[in-house]
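Here the structure comes first, spelled out in structure tokens, and everything after it is commentary.
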Amino acid sequence: MKPTLKGIDHIQLAAPPGSEEKARAFYGKLLGMQEIEKPENLKGRGGCWFRCGNQEVHIGIQSDFMPAKKAHPGFMVDHLMALRSQLKDASYLISEESPIEGRARFFVSDPFGNRIEFLEYE
């Protein structure tokens, strides 16, 4: 039987040690993702997990952390401009890139410097 990829279960973004509360403030409170409990055997590693639609976003602690500057997740959003305003009001710097036909989009860095894309299909 040939293996078949079915989709993405989760993405993992790295963060520096001790950054869980900043992750909760950004991904949970500001972006509205629901925090989900990590499995018991992984709790000792630190970090936190969130639900994003049918997928999960895992914030993993990395002692020699360096933010991802090119690699990034792209989150689909309803009411993209409202999110843009919300992030701007929270003092996050919005960056624009070349447009993609049929999609409005912008980029921001999370509190740890990881590049994040938000987009809405038109």
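No value in this document is a laboratory result; all are computed from the given coordinates. On a predicted model such as this, the values are computed, not experimentally measured, just so you know. Note: ideal-geometry Cβ built from the backbone for every residue, glycine included; neighbour counts use all protein chains shown.
Results, tabulated for the structure shown:
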| quantity | calculated |
| --- | --- |
| Condition check for Met81: in a helix (DSSP H, G or I) and surrounded by fewer than 17 Cβ atoms within 10 Å (Cβ to Cβ) | yes |
| Subset of the range 95-122 [in contact with a Phe, Trp or Tyr (Cβ under 9 Å, 6 or more places away or on another chain) and without any contact (Cβ under 8 Å) to a residue 40 or more places away in the chain] | Ser95, Glu96, Glu97, Gly102, Arg103, Ala104, Arg105, Phe106, Phe107, Val108 |
| Answer residue from the range 55-65, given it is in contact (Cβ under 8 Å) with a residue 40 or more places away in the chain and not in a strand (DSSP E or B) and is surrounded by the fewest Cβ atoms within 10 Å (Cβ to Cβ) among those | Ser63 |
| Residue in the range 24-34 that is in contact with a Lys or Arg (Cβ under 9 Å, 6 or more places away or on another chain) and over 14 Å from Pro73 (Cβ atoms) present | yes |
| Sole residue being farther than 17 Å from Leu31 by Cβ and either β-branched (Val, Ile, Thr) or touching a His at 6+ places or on another chain (Cβ under 9 Å) (or both), chosen from Ile100, Ile94 | Ile100 |
| Members of the range 60-104 that are more than 17 Å from Glu120 (Cβ to Cβ) and acidic (Asp, Glu) | Asp64, Asp89 |
| Filter result (among the small types (Gly, Ala, Ser) and on the phi > 0 side of the Ramachandran plot) within the range 78-122 | Ser91, Gly102, Gly113 |
| Criterion (small (Gly, Ala, Ser), in a loop (DSSP other than H, G, I, E, B) and over 14 Å from the mean Cα position of the chain (by Cα)) met by exactly one of Gly7, Gly44, Gly32 | Gly7 |
| Any chance Glu120 is outside any strand (DSSP E or B) and either aromatic (Phe, Trp, Tyr) or over 23 Å from Ala15 (Cα atoms) (or both) | no |
| Residue that is nearest to Ser91 (Cα to Cα) [pool: residues in the range 11-70 that are small (Gly, Ala, Ser) and in contact with an Asp or Glu (Cβ under 7 Å, 6 or more places away or on another chain)] | Gly28 |
